[in-house]
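I have placed the structure first, in the form of structure tokens, so that the comments after it can refer back to it.
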Amino acid sequence: MKAAFIEKHGNLDQLLVGNLNIPKIKQNEVLVQTKFGALNHIDVFLIRGWPGLKLSMPHVLGSDGSGIVKEVGSTVTTVSEGDRVTINPGLSCGKCKFCLSGSQNFCKSFSIMGENRWGTYCEYFKVPEENVLKLPPKFSYELAAAAPLTFLTAWRLLTTQANLIPGDYVLIHGAGGGVSTAAIQIAKFLGARVITTTSDQNKMEKARALGADHVINYKTEPDYSKKIYSEITEKKGVDVIVDSVGKSTFSSSLRLLKPGGRLVVPGATTGPTTEVDIRQIFWKQLKIFGSTMSNQREFREVMKLVFEEKLKPTIDKIFQLEEIIEAESYLNKGRQFGKVLVEIS
Ligand SMILES: [Zn+2]
């Protein structure tokens, strides 16, 4: 089968497109003929590798994917050949106390599709039955591939973790990224007032079109914190901040929160270490939540809203599988607004 894979770690040019054998499924697994894959930042981290990561090569990338069920294992009962499906890219053992109590993303063997097993950038991928979700009739394969990872991440962090409620002011840094664009929509759906930051005019307009109430260009308004505090929230501060930027925004995020405010941290793209004024945390009795991926319930909750078109993933651009290096470098440059897809077949 045609696949995009690496044979060793390095830069983007380590990505190859060639032929590999179709994976063989176990009794509890499903083989899916891929229609679309969707890119995520984990792809580039995987290509580079990290200390302790041991992949058996060649390794196929891709965490999100949609397609048609081609074959099912002997114990599979919930899907059958010909079903149109998408997947939950969060994989867990299914047997430990965390999995059995519905906290799959705390499982010791939790991993992401394409991380410790072959991913979706190939003509056929395999996945455990419990990770497969049937699409409603006519629901597009493009949207079905674009939604899962970013929407489940944004859903968990805004609902379970931050407990966002109607009327809350929420600041979402960096409109344009997959999780941020999902978070803007989810926050509006939950009735919050959305403030977002970005660096170009084009993205500002798109963020407004998604429903953001206040869009700030942090390049032309470097003093944007003051504007948010004094003008937008009338010196009250923000209820919830989604900060995946890390180093360059973390301390200003703490300052911008109102007493009792909640900071949710799903990543740290500009760097993992920074200086923090700890007094901000106890004076204002702030709550800080980490968040990563979701459990099965959260995945199904948010996908139901996506299927009902109450939430609609933003697709920026679709590449062909052969253009995978171009697609990954496009994502890496951060020019996109929403998801970047690869069409497989
Ligand atoms: Zn487990």
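For the range 67-132, the set of trypsin sites (Lys or Arg not before Pro) satisfying both a DSSP loop assignment and a count of at most 16 other C-beta atoms within 10 Å is given as 95, 108. Result for the chain in a Gaussian network model with C-alpha springs under 10 Å: among 314, 220, 150, the largest mean-square fluctuation is at 220.
Within the chain, the longest run free of GluC sites (Glu not before Pro) that sit in a DSSP loop with at most 15 other Cβ atoms within 10 Å is 82-233. Between the listed residues 244, 217, 263, the Cα displaced farthest toward the positive end of the dipole of the range 158-310, a dipole computed from Cβ unit charges relative to the Cα centre, is found at 263.
Phi angles across the range 38-52 convert, under the Karplus curve 6.51 cos²θ - 1.76 cosθ + 1.60 with θ = phi - 60°, into 3J(HN,Hα) values of 10, 7, 9, 5, 4, 4, 5, 4, 5, 5, 5, x, 9, x, x Hz, Gly and Pro given as x. A full extension of the chain between residue 160 and residue 57 corresponds to an added length of 33.4 nm, given 0.36 nm per residue minus the alpha carbon distance.
How big is the dipole moment of the chain about its Cα centre under a simple scheme where the beta carbon of each Lys and Arg is +1, that of each Asp and Glu is -1, and everything else is neutral? Debye, nearest 20, please.
The dipole magnitude comes to about 900 debye.
Tell me, what is the percent relative contact order of the range 1-143, built from C-alpha pairs under 8 Å that lie six or more residues apart? Don't skip to the answer; put the middle values down first.
On the way: 313 pairs, mean separation 43.9, N = 143.
Value for the range 1-143: 31 percent.
Converting phi to 3J(HN,Hα) with the Karplus coefficients 6.51, -1.76 and 1.60 and the offset θ = phi - 60°, the range 246-253 yields x, 2, 7, 10, 4, 6, 6, 4 Hz in sequence order, with x at every glycine or proline. With 22 Å as the limit on Cα-Cα distance, the pairs of 138/304; 310/333; 206/310; 203/339 that go past it are 310/333.
Given +1 at the Cβ of Lys and Arg, -1 at the Cβ of Asp and Glu and no other charges, the dipole of the range 1-89 around its Cα centre is 140 debye to the nearest 20. Rounded to the nearest 0.05, the FRET efficiency derived from the C-beta distance between residue 50 and residue 13 at R0 = 22 Å is 0.70. Springs between Cα atoms under 10 Å define the GNM used for the chain, and in it the highest mean-square fluctuation of 174, 82, 37 occurs at 82. Between the range 208-267 and the range 173-193, the alpha-carbon centres lie 13 Å apart. Under the criterion of Cα pairs below 8 Å and six or more residues apart, the relative contact order for the chain equals 19 percent. Rounded to the nearest 20, the size of the Cβ-charge dipole of the range 24-75 about its Cα centre is 140 debye, with Lys and Arg at +1 and Asp and Glu at -1. Here the residues 9, 173, 214, ranked from fewest to most Cβ neighbours within 10 Å of their Cβ, fall in the order 9, 214, 173. Applying 1/(1 + (r/R0)^6) with r as the Cβ-Cβ distance of residue 220 and residue 308 and R0 = 45 angstrom yields a FRET efficiency of 0.75. Under the combined filter of DSSP loop state and at most 11 neighbouring Cβ atoms within 10 Å, the range 128-183 retains these trypsin sites (Lys or Arg not before Pro): 138. Inter-part distance, the range 16-63 to the range 97-170, computed on C-alpha centroids, equals 16 Å. The phi-based Karplus calculation (6.51 cos²θ - 1.76 cosθ + 1.60; θ = phi - 60°) puts the 3J(HN,Hα) values of the range 187-195 at 4, 5, 4, 7, x, 8, 9, 9, 10 Hz, whole numbers, x for Gly and Pro. When the Cα gyration tensor is reduced to axis lengths a ≥ b ≥ c, the ratio a/c is 1.5 or higher for the range 1-134, and with a/b not above b/c it is classed as oblate. Using the rule -39500 (n - 2.57) for each DSSP H run of four or more residues, divided by the residues of the chain, the 222 nm mean residue ellipticity is -6500 deg cm²/dmol.
Listed from fewest to most Cβ neighbours within 10 Å, the set 47, 22 follows the order 22, 47.
Coordinate-derived values only; no laboratory data. It should be emphasised that the depicted structure is a prediction, and the values quoted were computed from it without experimental measurement. Cβ atoms come from the backbone with ideal geometry, glycine included; neighbour counts cover every protein chain shown.
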